[in-house]
Amino acid sequence: MKKTSDIIWQDKQHQILFQLIDQLGMKDVDAQVFVSLCHYAENHFSLEEEYMAQINYPYAREHIMAHDKFRKELKTMLEQHHEYDEALCQSLSLFLTEWLTRHVFGIDKKLEEFILASKRK
Ligand SMILES: [Fe+2]
Ligand SMILES: [Fe+2]
């Protein structure tokens, strides 16, 4: 995966999220992957949201709404994982990768710029 951000923690966490989503699409996926993905995503989202609050980020509302949508999606996945077969896990993994790519290279980039600019002041 190419670099997603010039902010080290943000990039590192995105990379791990992509790895976990990849694992979800692999053979014999373990329920633990769903749990780890939920925890890791939550940890990452709350960190970004903490930053938004601290720097009075003007687009926080829409960004948090996007996170909430993902949170809801993951929660449903976690609750239903026992009914998932391999094909479904693969399509879920694909769906999440596409979603995350759009988020990370879209709305997250705006936040990255704002955080970097606020540090330069
Ligand atoms: Fe992010
Ligand atoms: Fe985000």
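Bear in mind that the values in this text are calculations on the coordinates, not laboratory data. Being a predicted model, the structure only gives us computed values, none of them experimental. With ideal geometry, Cβ positions are generated from the backbone for all residues, glycine too; neighbour counts draw on all protein chains shown.
Listing for the model above:
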item: Relative contact order computed over the range 34-121 (Cα-Cα under 8 Å; 6+ residues apart), in percent; result: 44 percent
item: The range 85-121-the range 21-46 distance, computed between alpha-carbon centres (Å); result: 15 Å
item: Between helix 60-80 and the chain: long-axis angle, C-alpha atoms, 0 to 90°, nearest 10; result: 10 degrees
item: Theoretical ellipticity at 222 nm over the chain - DSSP helices of four or more residues, -39500 (n - 2.57) apiece, nearest 500; result: -27000 deg cm²/dmol
item: FRET efficiency estimate (nearest 0.05) - Cβ-Cβ, L94 to L47, R0 30 angstrom; result: 0.70
item: Crossing angle, helix 8-24 versus the chain [Cα axis fit, 0-90 degrees, rounded to tens]; result: 10 degrees
item: For M52, M1, order by how many other beta-carbon atoms lie within 10 Å, fewest first; result: M1, M52
item: Nearest 10 degrees, 0 to 90: helix 31-54 Cα axis against the chain principal axis; result: 10 degrees
item: Distribution of pairwise C-alpha distances over the chain, 10 Å bins, in %; result: 12, 45, 29, 11, 2, 0
item: Distance in nm between pseudo-label sites at H82 and C38 (7 Å out along the Cβ direction from Cα); result: 1.3 nm
item: Filtered trypsin sites (Lys or Arg not before Pro), the range 14-94: DSSP coil and at most 13 other beta carbons within 10 Å; result: K27
item: Fluctuation leader among I55, I107, I16 - the chain, Gaussian network, Cα springs under 10 angstrom; result: I55
